[in-house]
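The values are calculated or read from the model by the stated rules, or taken from the named source; none is laboratory data. Keep in mind that this is a model prediction, so the values were computed, not measured. Methodologically, a virtual Cβ is constructed for each residue, glycine included, from the backbone with ideal geometry; neighbour enumeration extends over all protein chains shown.
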Amino acid sequence: MDKLLKNNTRQSKVYHFIKRGTDIILSAALIVFLSPLMAIIASVVALTSEGGAFFKQKRLGREERIFVCLKFRTMYTDAPHDVPTTEFVGMEKHITHVGKILRRTSLDELPQLFNVLLGDMSMVGPRPLILNEGEITRMRREAGVYSVRPGITGFAQINGRDNVTDREKTELDKLYIEEMSFFTDLTILIMTPIRALRGKDIKSKKQ
């Protein structure tokens with residue numbers, strides 16, 4: 001039994017080491033490859049509504065450390081800043097015309113490649129929450145979700161996304177942590193653009 005535990009621990013360390021290396025290589029490559037697209041999106045966002053191209057928001061990362069999460073701005077500048085979009089009154093009035101497209105295709109998440117490169121996030125992991133989402137933060141804490149880096153995409157994003165409850169999302173995130181492997185990460189990375197292009201389970205309320 002002791003030998004088995006040591007082997008599992010060793011494999012876990014190897015996995016996390018390679019996962020971080022893969023995050024660095026993949027995020028850097030995607031930043032270079034997608035830089036023309038990101039430049040176009042940034043220009044369109046800035047030119048079609050008042051405000052800058054990027055939206056910065058404090059979020060909870062690994063071990064509940066706070067970091068600044070980057071996104072393309074999809075809302076008008078007078079929208080509430082640190083409130084979950086699910087709690088907005090009259091959500092549609094806050095989202096720009098360009099923002100609706102970016103949210104539906106998940107292109108607003110592209111700047112988070114820089115968060116991955118910096119080590120705040122991973123390509124795959126539980127989505128990071130804003131600071132004042134008390135109940136789901138408590139559930140995540142109890143489920144051990146904060147033991148890993150948050151991700152650009154995760155198990156919950158390909159299994160219901162906006163159509164699952166906070167408790168269901170927490171259970172899916174917990175399941176991901178229990179099943180973490182190269183195959184799991186690869187499956188999630190392949191399924192994410194497929195779901196995004198189909199607009200499956202994505203609502204305008206996406207945060």
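Inside region 141-165, residues that are of a type outside the set (A, V, I, L, M) and under 15 Å from the mean Cα position of the chain (by Cα) make up a count of 12.
For region 143-160, the criterion of being in a loop (DSSP other than H, G, I, E, B), touching a Ser or Thr at 6+ places or on another chain (Cβ under 6 Å) and buried (at least 23 other Cβ atoms within 10 Å of the Cβ) is met by at least one residue. If you filter region 124-138 down to residues that are in a loop (DSSP other than H, G, I, E, B) and charged (D, E, K, R), you find that the one that is nearest to Ile152 (Cα to Cα) is Arg127.
Suppose we keep only residues that are under 27 Å from Asp173 (Cα atoms) and among the β-branched types (Val, Ile, Thr) within region 76-100. Which one would you say is modelled with the lowest pLDDT? In this case the residue turns out to be Thr86.
Taken as a whole, the structure places Arg73 among residues that are modelled with pLDDT of 95 or more and either crowded, with 18+ Cβ neighbours inside 10 Å or at positive phi (or both).
From the list Ser204, Ser122, Ser106, the one residue that fits, being among the small types (Gly, Ala, Ser), at pLDDT 95 or above and under 23 Å from Phe54 (Cα atoms), is Ser122. Looking at Arg103, is it surrounded by fewer than 20 Cβ atoms within 10 Å (Cβ to Cβ), touching a residue at least 60 places away in the same chain (Cβ under 8 Å) and under 27 Å from Thr170 (Cα atoms)? No.
Conditions (1) surrounded by 11 or more Cβ atoms within 10 Å (Cβ to Cβ); (2) over 19 Å from His97 (Cβ atoms), marked per residue:
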{"position": "Val14", "(1), (2)": "no, yes"}
{"position": "Ser27", "(1), (2)": "yes, yes"}
{"position": "Ile31", "(1), (2)": "yes, yes"}
{"position": "Ser49", "(1), (2)": "yes, no"}
{"position": "Gly52", "(1), (2)": "yes, no"}
{"position": "Gln57", "(1), (2)": "yes, yes"}
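Of all residues in region 59-70, those that are surrounded by fewer than 16 Cβ atoms within 10 Å (Cβ to Cβ) and among the aliphatic types (A, V, I, L, M) total 2. Screening Gln112 on (1) of a type in the set (S, T, N, Q); (2) more than 28 Å from Arg198 (Cβ to Cβ); (3) crowded, with 21+ Cβ neighbours inside 10 Å shows it passes everything except condition (2).
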